[in-house]
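Here's the structure we're looking at; comments come further down.
The values are calculated or read from the model by the stated rules, or taken from the named source; none is laboratory data. Everything numeric here is computed off the predicted structure, so don't read it as measured data. FYI the Cβ positions are ideal-geometry reconstructions off the backbone, even for glycines, and counts take in every protein chain you see. Surface accessibility is based on the protein's heavy atoms, side chains included, excluding ligands, DNA and RNA. Shrake-Rupley method; radii C 1.70, N 1.55, O 1.52, S 1.80 Å.
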Amino acid sequence: MNIGIISFAHMHAYSYASALKKLPGVRLSAVYDDEEERGKKAAEMFGAAYDRDLERFLDRDMQAVIVCSENSRHRYFVEKAAKAKKHILCEKPIATNLEDARAMIDVCEKNGVILQIAFPVRFLEPIARLKKMIQEHRFGEIIAIRTTNRGQNPGGWFTDKRHSGGGAVIDHTVHMVDIMRWYLGKEVKEVYAQAGTVFGARGIDDAGLLTLTFENGVVASHDASWSRNKNFPTWGDVTIEVLGTEGRAVVDAFKEHVEVFSDRGKPLIRDFYGFDMDYGLIRDFVQCVREGREPSITGYDGLKAVEVALAAYESAAKKAPVLL
């Protein structure tokens, strides 16, 4: 199977490309990037052809593409790829507004191609194990959930709202909203949030606290931030606490690490040895394409996750709850 990558603007493109190299019978055949220097370096790094012309890139013998551009450009690239009959894995968030998200879903349906959204947290073993335990009713009826996704400020276009759609709230909310929807099988009906600049980002939010109410009455809180400084021993965290009528579970998804002290670079780093969630995501996408089945993480999942993040911004501006 030949797969191409559209843009290396997002840093996840590098880990996705590495994952493709590990899969038998799969080849990263081409890279498109309108930043020529970046695109050529990435293509050389992974042994792929480079195209600056999008039409030429999409005309290649490829079954699928991975879109890793700036968030604001997702719709443009997805529409182009769908019309070229390429299956698509799109980086999260699906889009910066709901109109674009719906258009992306529609164009993929009309052209009969897969649209999968990059929510790799589903493929972390502790997260998946907790999902199974909830399905087995190990905790009785779920009452409340508390989550965090706190990381480092990525800088660059991530801090330019025109390209990103927002700061830490949109960047670090969609992951955990997706997990909560996945666990509960229910939608968020109300969002109350506070968002602001606390950790030094310029002109964009780098912290947010969300309170969510699901349609079945479950109440959840989410802490989304770029609160980790450059010397922090890891990029960030993913934690989730589930409270039920018959039990409680707490997951620290990146707990599987060793601490490395060094005289070079950072004095302390956490070297993660657990399952590679990006590899799990890419393997799942490839299986979906091979089997011609509905993706495990759909465009609709992407839309519902970003809907909550956008409602959080609306709530923070109004200082009032927002109903979905």
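The table below gives the values:
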{"item": "Odd one out for LEU130, checked against (1) of a type outside the set (Lys, Arg); (2) more than 23 Å from ARG73 (Cβ to Cβ); (3) open to solvent by 10 Å² or more (accessible area, probe 1.4 Å)", "result": "(3)"}
{"item": "Strands (runs of 3 or more DSSP E) wholly inside the range 1-69 containing at least 1 residues that are among the acidic types (Asp, Glu) and open to solvent by less than 20 Å² (accessible area, probe 1.4 Å)", "result": "49-51"}
{"item": "Scan of the range 246-295 for residues that are among the hydroxyl-bearing types (Ser, Thr, Tyr), within 22 Å of the chain's Cα centre (by Cα) and surrounded by fewer than 11 Cβ atoms within 10 Å (Cβ to Cβ), ordered by number", "result": "TYR273"}
{"item": "Filter result for GLY299 (under 21 Å from TYR14 (Cβ atoms) and at pLDDT 95 or above)", "result": "no"}
{"item": "Which listed residue is polar (S, T, N, Q), surrounded by 15 or more Cβ atoms within 10 Å (Cβ to Cβ) and within 23 Å of VAL322 (Cβ to Cβ), from THR298, THR213, THR234, THR239", "result": "THR213"}
{"item": "Filter result for VAL306 (in contact with a Leu (Cβ under 8 Å, 6 or more places away or on another chain) and either in a loop (DSSP other than H, G, I, E, B) or not assigned by the TED database to the domain that holds MET104 (or both))", "result": "yes"}
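To keep it simple, each residue is scored yes or no on (1) assigned by the TED database to the domain that holds ALA101; (2) modelled with pLDDT under 95; (3) under 29 Å from LEU89 (Cβ atoms); (4) not in a helix (DSSP H, G or I).
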residue: LEU212; (1), (2), (3), (4): no, no, yes, yes
residue: ALA224; (1), (2), (3), (4): no, no, yes, yes
residue: GLU241; (1), (2), (3), (4): no, no, no, yes
residue: ASP284; (1), (2), (3), (4): no, no, yes, no
